[in-house]
Each structure stands twice: as structure tokens, then as C-alpha cells.
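Here the structure is laid out as C-alpha cells; the discussion comes afterwards.
The values are calculated or read from the model by the stated rules, or taken from the named source; none is laboratory data. If you're wondering where the values come from, they're calculated on a predicted model, not measured in any experiment. When we count neighbours, we look across all protein chains shown, and the Cβ atoms used for this are built from the backbone with ideal geometry, even at glycine. Heavy atoms of the whole protein, side chains included, go into the accessibility calculation; ligands, DNA and RNA do not. Shrake-Rupley method; radii C 1.70, N 1.55, O 1.52, S 1.80 Å.
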Amino acid sequence: MKNIALVMGGYSGEHDVSINSGCQVYQCLDKNKYNVYKIVIDRDGWYWMTETGEHLPVDKNDFTVTDSGSKIHFDLAFIIVHGNPGENGVLQGYFDMLGIKYTTCGFYTSALTFNKGYCNPVVKNFGIVSIARSLHLTAEQHITADMILSQLTLPLFVKPASGGSSVATTKVKTPEALMPAIQEAFSEDSEVLVEEFIQGREFDCGVFRSKTEKLVFPVTEIIPTGGHEFFDYEAKYEGFSNEVTPAEAPKEITDQIQQVSSQLYDLLHCKGVVRFDFIYNTERSELFFLEVNTIPGQSAESIVPKQARAMGISTAQLYDMIIEATL
């Protein structure tokens, strides 16, 4: 049987989300078909979390673990690390050097798509979807609210350029709130994106190239509830949103979202399961690109597994297809 390293954790604010996703994947993987090892990446060290709860060290020199005196080499890394170092290309480069196959986009695509400030101009250049006006800020710049507001119009979204799960993301409505929001975003990342707010409906669409075909999943609409104005951390993980799959939207809108998602998957040289996020401005009948998630969440309530189930693909089947396509 193939040895699968199920890699979870990471160094970002999404560490716990990643552990949740990883444990969900572990439950679904066929243990009669694969030897699955839960590998946790943590700032205090990398370890194999055994069935008995032991934490046994990972040898980073060759990405192996030792079981009863025998060294275990892995045939594949199933990466479920959201944020750094799983979604930014760092792990991918490491596995490339070791010659270990992995289930995600390559290091270059991962690095590009992880930083919204760099990815947005590339996507805009493709000419297939609109991008909100924005400023890409670095910690070294001297920044004032007046400088930003002379170029962008309130309301604004302020977010870490390389963040995820809406951590340290703020919707800014007044000039006074702008600099505190920027400082909060800088506490999470050394680069910050300030983006004009686009009024509209939020949609997500997953894409996956299996061994035999490219699957474009049904579109999901995200509808924040409980006073949440956007799909923030609480809305994502504490139930303050309705996620409707398939989306109850006109066919021409969902068709456009699926078409653009499929094109972006190829143009950005994506691999594995990728989720594309959009805002559709109904007044202007215009689709705006938000971001690419190259390692979308895989918890029980996550969007992509729901989209797969809407296509008649069980979560266990989806993970099996991911492994088969990678091997």
C-alpha cells in the first residue's frame, strides 16, 4: 500500500482550521487502500500524530518518520496546510527538492496566488474578469489615510495580502477607521491590500482536474447572516452564513462563473482542487474576481466538499480521485 502523509497545521492564524480540515480528510481516506499518517507542521517542530496520540518527530532531511525502528518514506503528501507554509509555495518547493509528489498546485502558482497584491494584476491582464481597484502596501512605506483616500473611494476592504480565512480583514467605512485597520492587517502580514468594496453577491466555484477530465463544480452563493456584512472569520467558521449549493442565481451568471473559473484554473497552471471566489455586481451585471484558494477548507462544512456532493461525488470519492490523479 502507498504511504500517504496527510500534512496539516502550519505557521499562520489558520493553524487550527487546517487541523480541523486534516482530521476530516483522515476520517474519509480509505485505510484499506492507503497507509495514512497525520503529519502536523508546528512552529515548535514537525511531528507524526499517531493513533495513540503520541507526537513522534519528522526527519526534515528526507521527510520521513520512524515506526518501531523502521523508517517510513512517503509516496505522496496530501497537503491541507492553509496559509504559510502550505499555500505559499514553501512546502511545494521542499517536496520538489525531495522528489515527493503532492496534491496541490506547484510552488510558483502557489506563491503567486497566495499574495493577492501580485495575483490580482496577473488575473486582470487575462482580460476575462474584472478586478476591484486597490493599493498594495508594504510595511516600509510611509502611509497616511489621506494618501489612500486620494486614490480609492470608501468603503474599503483592508486585508493581509497573503492572509486567508478573513483573518485581520476589516470593512472600513470612515476615514478614521482606515489606519487602525491597516495596522491590524500588518500585524498578520508584512504586505497589505486595500481594496474598494464591490456591492454584490458572493459566489465560489471549485475546479479539479482528475486523471480523466476537468471537473467544474456547481457554484455556491455565500449569504452572511447575523449582522455580518461579509464572509468574515465568524461567518466562515461559527455558522453566521448561509451557503447555498447550487446557487439560486440566473443560469447566465452561474455559467459565467464556471467558465471564468475553468479558464483561470488553466491560465494560472493550477493542480489539485482549487476554489475561486467572486463578487457579482448586479447593478452593473459585472463579475469581479476576489481570490484563488489553492488549498480550500476540507472540514465537514467546507464549500468544496459540498459542491462535490452536489455533483454526486462523495467526500471519500473526491479524496480518492485527488490521490489517484497525483500518483
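Could you tell me whether segment 50-62 includes any residue that is touching a residue at least 40 places away in the same chain (Cβ under 8 Å) and in contact with a Phe, Trp or Tyr (Cβ under 8 Å, 6 or more places away or on another chain)?
In the first step, residues of segment 50-62 are kept if they are touching a residue at least 40 places away in the same chain (Cβ under 8 Å); the result is none.
No, segment 50-62 has no match at all.
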- prompt: When residues of segment 63-81 are filtered for being β-branched (Val, Ile, Thr) and without any contact (Cβ under 8 Å) to a residue 12 or more places away in the chain, how many remain?
  reply: 2
- request: Scan (1) open to solvent by less than 20 Å² (accessible area, probe 1.4 Å); (2) among the hydroxyl-bearing types (Ser, Thr, Tyr); (3) in contact with a Phe, Trp or Tyr (Cβ under 6 Å, 6 or more places away or on another chain) for the single condition Ser130 breaks and write down its number.
  value: (1)
Those residues of segment 111-127 which are open to solvent by 30 Å² or more (accessible area, probe 1.4 Å), at pLDDT 95 or above, touching a helix residue (DSSP H, G or I) at 6+ places or on another chain (Cβ under 7 Å) and under 30 Å from Leu76 (Cβ atoms), in sequence order: Leu112, Val122
field: Boolean, Glu283 is in a loop (DSSP other than H, G, I, E, B), farther than 23 Å from Asn125 by Cα and open to solvent by 20 Å² or more (accessible area, probe 1.4 Å)
entry: yes
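Could you say whether any residue in segment 57-65 is touching a helix residue (DSSP H, G or I) at 6+ places or on another chain (Cβ under 8 Å) and not acidic (Asp, Glu)?
yes
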message: Given the criterion open to solvent by less than 40 Å² (accessible area, probe 1.4 Å), modelled with pLDDT under 95 and in contact with a Ser or Thr (Cβ under 8 Å, 6 or more places away or on another chain), identify the matching residue among Gly297, Gly272.
response: Gly297
message: If the requirement is being out of contact with any strand residue (DSSP E or B) (no Cβ under 9 Å at 6 or more places or on another chain) and closer than 28 Å to Ala132 by Cβ, which of these qualifies: Gly93, Gly117, Gly83, Gly99?
response: Gly83
task: Return the pairs, sorted by first residue and then second, in which the second residue is in a loop (DSSP other than H, G, I, E, B) and not hydroxyl-bearing (Ser, Thr, Tyr), the first residue lies in segment 300-323 and is farther than 16 Å from Ser210 by Cβ, the beta carbons are less than 8 Å apart, and the residues are 6+ apart or on different chains.
output: Ser302/Pro296; Ile303/Pro296; Ile303/Gly297; Ala310/Phe217; Ala310/Pro218; Ala310/Pro246
statement: Those residues of segment 111-158 which are assigned to a loop (DSSP other than H, G, I, E, B), farther than 17 Å from Phe197 by Cβ and within 22 Å of the chain's Cα centre (by Cα) amount to Asn115, Ile128, Val129
- request: Report whether or not Tyr47 is touching a Lys or Arg at 6+ places or on another chain (Cβ under 7 Å) and either open to solvent by 20 Å² or more (accessible area, probe 1.4 Å) or outside any loop (DSSP other than H, G, I, E, B) (or both).
  value: no
- request: Determine whether segment 253-260 contains at least one residue that is under 15 Å from Val216 (Cβ atoms) and of a type in the set (Asp, Glu).
  value: yes
task: Can you tell me which residue within segment 177-201, out of those that are loosely packed, with under 15 Cβ neighbours inside 10 Å and without any contact (Cβ under 8 Å) to a residue 24 or more places away in the chain, is nearest to the chain's Cα centre (by Cα)?
output: Ser187
task: Please tell me if Asn35 is over 21 Å from the mean Cα position of the chain (by Cα) and either open to solvent by 40 Å² or more (accessible area, probe 1.4 Å) or on the phi > 0 side of the Ramachandran plot (or both).
output: yes
Criterion: free of Cβ contacts under 8 Å to residues at least 60 places away in the same chain, of a type in the set (Ser, Thr, Tyr) and either surrounded by fewer than 18 Cβ atoms within 10 Å (Cβ to Cβ) or not in a helix (DSSP H, G or I) (or both) - qualifying residue of Tyr94, Tyr11, Tyr108, Tyr26: Tyr94
- request: Go through segment 75-117 and give me each residue that's farther than 19 Å from Lys60 by Cβ and hydrophobic (A, V, I, L, M, F, W, C).
  value: Cys105, Ala111, Leu112, Phe114
